[in-house]
1. In the list L101, L94, which residue meets the criterion of being open to solvent by 40 Å² or more (accessible area, probe 1.4 Å), under 25 Å from I207 (Cβ atoms) and modelled with pLDDT of 90 or more?
2. Could you check how many residues of region 79-113 are out of contact with any helix residue (DSSP H, G or I) (no Cβ under 9 Å at 6 or more places or on another chain) and part of a helix (DSSP H, G or I)?
3. Just for region 52-66: of the residues that are part of a helix (DSSP H, G or I) and touching a strand residue (DSSP E or B) at 6+ places or on another chain (Cβ under 7 Å), which one is most open to solvent (accessible area, probe 1.4 Å)?
4. Scan region 175-196 and give yes if some residue there is in contact with a Phe, Trp or Tyr (Cβ under 7 Å, 6 or more places away or on another chain), within 23 Å of A86 (Cα to Cα) and of a type in the set (A, V, I, L, M, F, W, C), otherwise no.
5. Of the residues that make up region 46-61, is at least one out of contact with any Lys or Arg (no Cβ under 7 Å at 6 or more places or on another chain), without any contact (Cβ under 8 Å) to a residue 12 or more places away in the chain and either under 13 Å from I151 (Cβ atoms) or not polar (S, T, N, Q) (or both)?
6. Check whether at least one residue in region 199-222 is exposed (fewer than 13 other Cβ atoms within 10 Å of the Cβ), at pLDDT 85 or above and farther than 29 Å from E74 by Cβ, and report yes or no.
7. Could you check region 167-219 for strands (runs of 3 or more DSSP E) lying wholly inside it with 3 or more residues that are more than 21 Å from R42 (Cα to Cα)?
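The values are calculated or read from the model by the stated rules, or taken from the named source; none is laboratory data. Note that the structure is predicted; figures quoted are calculated from it, not measured. Here the Cβ is made from the backbone with ideal geometry for all residues, glycine too, and neighbour counts use every protein chain on show. Please note that ligands, DNA and RNA were not included when accessible areas were found on the heavy atoms of the full protein model with its side chains. Shrake-Rupley method; radii C 1.70, N 1.55, O 1.52, S 1.80 Å.
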Amino acid sequence: MTAGRARRSDGSIGSSRPAPCRACALCHNCCEQATDGRTMARIAIVEDDESIRAALAELLQKNGHEAVAVDVTEDVAASTLSFSPALVLLDLNLPCVDGTLVCRELRSRSDVPIIVVTSRTGEVDEVMCMTLGADDFVAKPYSSHVLLARIDALLRRAGGMSGAVLTSGCLSVDALRSLASANGQSVELTKNELRILCTLMRAGGTIVPRETLMEELWDSGAFVDDNTLTVNVNRLRQKIARLGVTDYLVTHRGQGYSV
């Protein structure tokens, strides 16, 4: 691997000597609202360069976001969606698969906002990424201030367009009203049921581990153990079935759940 990139004194990220990798923390909410009105989000970093990954994680965390580092040696799209991120920062030069293919697969399975962050600055690459579903394209080296501004703008735009309504298959969820709807009917969800369903829907069919769902419920202030999660999932299944939707929640034994 060539020399890594690190933060420059002018705030840009570009070529420099490698920096040690810092661990990325997994947050408990996809998006929260800060007291100043900015969106605090879980952001997935799909980047194989350790120094860039560490610099991005530090930048995001210092600005109130939570960063998760995605394993880029296996099924990258599935690994990314398993975190239920609010936004994805995607490099194109990945070791096992071209980032454009990851972009296409992410978009085919989820509407999560994608910002391509890459040293491949040709017009063809940019056009291809935008055609395949990327929401923005940022060339390396880049200003950290500009990247943050684009992240915040995209999160605001994505939130405004979605209207807090998620749709997957025949089921829609209005997060503001805590309602699940299908076939012209609606059912009210509890706070825990809403968290579980939204997390699974944002994952776009990818298996979400039980541990991830338990972290979501724990952050809601509820006491959570393995049995608590099972009870909540079973109740959620029953409510969805009342809407005429069966087999919507899929159990993957020893792994987790998906929709």
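1. Result of the check over L101, L94: L101.
2. Residues in region 79-113 being out of contact with any helix residue (DSSP H, G or I) (no Cβ under 9 Å at 6 or more places or on another chain) and part of a helix (DSSP H, G or I): 1 in total.
3. Taking the candidates together, the pick is Q61.
4. Scanning region 175-196 turns up no residue that is in contact with a Phe, Trp or Tyr (Cβ under 7 Å, 6 or more places away or on another chain), within 23 Å of A86 (Cα to Cα) and of a type in the set (A, V, I, L, M, F, W, C).
5. Taking every residue of region 46-61 in turn, none turns out to be out of contact with any Lys or Arg (no Cβ under 7 Å at 6 or more places or on another chain), without any contact (Cβ under 8 Å) to a residue 12 or more places away in the chain and either under 13 Å from I151 (Cβ atoms) or not polar (S, T, N, Q) (or both).
6. no
7. Those strands (runs of 3 or more DSSP E) span 179-182, 185-188.
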